[in-house]
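The values are calculated or read from the model by the stated rules, or taken from the named source; none is laboratory data. Bear in mind the structure is a predicted one, so any value in this text is a computation, not a measurement. In this analysis, Cβ positions are derived from the backbone assuming ideal geometry, glycine residues included, and neighbour counts consider all displayed protein chains.
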Amino acid sequence: MGEHENGDRPPAGVDVERASIARAYDALLGGTDHFAVDRAAVAELRKVCPEITDVAVHNRRALGRGVRHLAGELGIRQFLDLGSGLPTAQNTHQVAQSLVPDARVVYVDIDPMVPAHSRALLPDDGSTAVIAADLREPETILGHPDLHKIIDFEEPVAVLLVAILHHLHDDEDPRGIVEAYLGAVPPGSPLFVTHFCSSSPDAPALEKAFHGVLGTGRFRSMEEIRAYFDGTDLQPPGVVYLPDLYPEVPRIRDFTVAGRLMAGGIGVRR
Ligand SMILES: C[S@@+](CC[C@H](N)C(=O)[O-])C[C@H]1O[C@@H](n2cnc3c(N)ncnc32)[C@H](O)[C@@H]1O
């Protein structure tokens with residue numbers, strides 16, 4: 001069970017007997033930072049949603065396009081990437097710095113694999129940091145000294161909650177958590193959210209499968225996803241299925257199943 005995809009020993013604190021969100025997502029994206037238990041979880045998800053890999057790929061592509069929009073169109077230079085995931089191709093700092101060379105990014109993730117792998121890959125130039133923390137504790141993160149070394153809270157900060165809020169249960173108050181982060185950044189700061197969406201007929205079965213293998217995965221309605229943006233000016237095209245979020249070329253075919261399982265958008269704090 002504990003055999004790592006690339007043969008390495010797992011970092012301290014990593015539980016190789018329980019599937020993790022970060023590692024299962026890495027397996028879906030074709031990375032190497034996962035274990036047999038994560039691959040088994042993905043196989044279970046694939047039984048109810050054969051397009052599950054495409055769901056992850058749609059999300060990761062939307063993350064890249066969203067960051068390009070934030071840096072390129074909105075001129076944002078600071079990013080707080082909450083639930084950032086294991087580093088893979090086109091991480092937030094790489095996309096942002098390709099457009100804004102002095103862009104600064106703080107990554108936050110709860111998974112013990114993430115800091116170990118991220119630190120090895122991040123540039124050692126003071127433009128990025130990774131904090132191992134639980135985003136459900138905004139006060140801890142917002143008071144973290146490493147955050148304040150990188151981010152200037154007098155200037156706009158993009159708050160990224162990409163493919164993470166659906167892993168928060170209703171009783172964990174995901175909207176209140178979003179509000180806490182938005183309350184800490186100045187007006188003009190964008191919020192970027194992507195989220196599992198319940199409007200597809202395939203959503204209920206996949207939601208059940210996620211709960212079975214990972215214990216989380218709440219598919220919320222378009223209205224519920226839009227409500228995260230209260231207090232912001234929602235940017236065109238609004239909250240939409242991910243293939244329609246800042247597409248590089250217009251979509252010319254109907255959505256596949258995978259295309260309708262997640263939605264997202266960007267709003268700018270008033
Ligand atoms: C599906 S991945 C998304 C990664 C990246 N944002 C993306 O969209 O490509 C969700 C990430 O959130 C992390 N995560 C889950 N619960 C968390 C929490 N309470 N605090 C911080 N990170 C969390 C997981 O470890 C995982 O890396």
- Message: Residues that are at positive phi and within 15 Å of the ligand (Cβ to nearest atom): does the range 132-151 have at least one?
- Response: no
- Quick one: how many residues across the range 77-99 are aliphatic (A, V, I, L, M), farther than 17 Å from GLU155 by Cβ and more than 7 Å from the ligand (Cβ to nearest atom)? 2
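A quick yes/no check of all residues on (1) of a type in the set (Phe, Trp, Tyr); (2) more than 23 Å from VAL159 (Cα to Cα):
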position: GLY183; (1), (2): no, no
position: HIS195; (1), (2): no, no
position: ASP202; (1), (2): no, yes
position: GLY231; (1), (2): no, no
position: PRO236; (1), (2): no, no
position: TYR241; (1), (2): yes, no
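Can you confirm whether LEU63 is within 9 Å of the ligand (Cβ to nearest atom) and not in a helix (DSSP H, G or I)? Give the steps one after another, and end with the answer.
Numbers: within 9 Å of the ligand (Cβ to nearest atom): yes; not in a helix (DSSP H, G or I): no.
So LEU63 fails the test.
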- Message: Residue pairs, Cβ under 8 Å, 6 or more apart or interchain, first in the range 169-190 and under 24 Å from LYS208 (Cβ atoms), second part of a helix (DSSP H, G or I) and modelled with pLDDT of 95 or more. List them.
- Response: PRO174/LEU165; ARG175/ALA227
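Across the range 111-128, what is the number of residues that are of a type in the set (A, V, I, L, M), in contact with a Ser or Thr (Cβ under 9 Å, 6 or more places away or on another chain) and either within 15 Å of the ligand (Cβ to nearest atom) or at pLDDT 95 or above (or both)? Break it down into steps so the answer makes sense when it comes.
Here is the first cut: in the range 111-128, the residues of a type in the set (A, V, I, L, M) are 113-114, 116, 120-122.
Of the ones still in play, those that are also in contact with a Ser or Thr (Cβ under 9 Å, 6 or more places away or on another chain) are 113-114, 122.
So of that shortlist, the ones also either within 15 Å of the ligand (Cβ to nearest atom) or at pLDDT 95 or above (or both) come out as 113-114.
Residues meeting the conditions: 2.
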- Odd one out for PHE219 among (1) without any contact (Cβ under 8 Å) to a residue 12 or more places away in the chain; (2) within 15 Å of the ligand (Cβ to nearest atom): (1)
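Quick check: is even one residue across the range 238-246 within 24 Å of GLY64 (Cα to Cα), outside any loop (DSSP other than H, G, I, E, B) and without any contact (Cβ under 8 Å) to a residue 40 or more places away in the chain? Before the answer, list the steps.
Of all residues in the range 238-246, those within 24 Å of GLY64 (Cα to Cα) come to 238-246.
Among the residues that remain, those that are also outside any loop (DSSP other than H, G, I, E, B) are: 240-244.
Narrowing the set further to residues that are without any contact (Cβ under 8 Å) to a residue 40 or more places away in the chain leaves 240, 244.
The answer is yes; a qualifying residue exists.
What about ILE141, is it more than 16 Å from the chain's Cα centre (by Cα), within 15 Å of ARG77 (Cα to Cα) and aliphatic (A, V, I, L, M)? Walk me through how you get there before you give the answer.
Values: more than 16 Å from the chain's Cα centre (by Cα): yes; within 15 Å of ARG77 (Cα to Cα): no; aliphatic (A, V, I, L, M): yes.
Considered against the rule, which asks whether it is more than 16 Å from the chain's Cα centre (by Cα), within 15 Å of ARG77 (Cα to Cα) and aliphatic (A, V, I, L, M), ILE141 comes out as no.
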- Note on the structure: All conditions in (1) away from the ligand (no atom under 16 Å from the Cβ); (2) surrounded by fewer than 19 Cβ atoms within 10 Å (Cβ to Cβ) are true of ALA71 except (2)
- Message: Testing PRO204 on (1) away from the ligand (no atom under 16 Å from the Cβ); (2) in contact (Cβ under 8 Å) with a residue 40 or more places away in the chain; (3) under 23 Å from SER20 (Cα atoms), one condition comes back false. Which one is that?
- Response: (2)
- Could you look through the range 22-49, keep only residues that are assigned to a loop (DSSP other than H, G, I, E, B) and in contact (Cβ under 8 Å) with a residue 40 or more places away in the chain, and pick out the one that is farthest from VAL213 (Cα to Cα)? GLY31
